[in-house]
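Everything below concerns the one structure shown next.
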Amino acid sequence: MGKFVITKRTNGEFQFNLKAGNGQTILASEGYTTKAACTNGIESVKTNSQDDNRFDRKESSNGKPYFNLKASNGQIIGSSEMYESVSARENGIESVKKNAPDAAVDDQTV
């Protein structure tokens, strides 16, 4: 079962990573100035990850596939790692869809 891990960056911002059951990070957030905003981001991932249209499938400048998960307002709420293939990216998207809705929150900032 997946989980959201909240951490604090060296610049004081909060961020979360969605980790799959095997511990691999499958989605990383932007930096948030408050923990409340970070928590709202997690709730947004839980909701928006169930809509395939919210996944923006991209390719990096070096040709590696990745994806962004966007909120209904078009703002990016999380980004994936770079994948070696399009099929690996699709597996990553499916993993987010499967893990996000019921994922526990592990707050490592307290």
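The values are calculated or read from the model by the stated rules, or taken from the named source; none is laboratory data. This structure is a prediction, so every number in the text was calculated from the model and none was measured. No Cβ is skipped: glycine too gets one built from the backbone with ideal geometry, and neighbour counts run over all protein chains shown. All accessible areas refer to the heavy atoms of the entire protein, side chains included, with ligands and DNA or RNA removed. Shrake-Rupley method; radii C 1.70, N 1.55, O 1.52, S 1.80 Å.
Taking the listed residues N62, N53, N91, N73, the one that is open to solvent by 70 Å² or more (accessible area, probe 1.4 Å), more than 22 Å from Q15 (Cα to Cα) and in a loop (DSSP other than H, G, I, E, B) is N62, with no other qualifying. Residues of region 21-49 that are modelled with pLDDT under 95 and not charged (D, E, K, R): G21, N22, G23, Q24.
Restricting attention to region 94-104, the residues being within 12 Å of the chain's Cα centre (by Cα), open to solvent by 30 Å² or more (accessible area, probe 1.4 Å) and touching a residue at least 60 places away in the same chain (Cβ under 8 Å) number 0. Taken over region 15-33, residues that are closer than 17 Å to A103 by Cβ and in a strand (DSSP E or B) amount to 9. Could you say whether any residue in region 32-39 is in contact with a helix residue (DSSP H, G or I) (Cβ under 9 Å, 6 or more places away or on another chain), without any contact (Cβ under 8 Å) to a residue 40 or more places away in the chain and among the aliphatic types (A, V, I, L, M)? Within region 32-39 (the criterion being in contact with a helix residue (DSSP H, G or I) (Cβ under 9 Å, 6 or more places away or on another chain), without any contact (Cβ under 8 Å) to a residue 40 or more places away in the chain and among the aliphatic types (A, V, I, L, M)), the answer is no, since none of the residues qualifies. In region 39-50, the qualifying residues are those that are under 12 Å from the mean Cα position of the chain (by Cα) and not β-branched (V, I, T), and the one that is surrounded by the fewest Cβ atoms within 10 Å (Cβ to Cβ) is E43.
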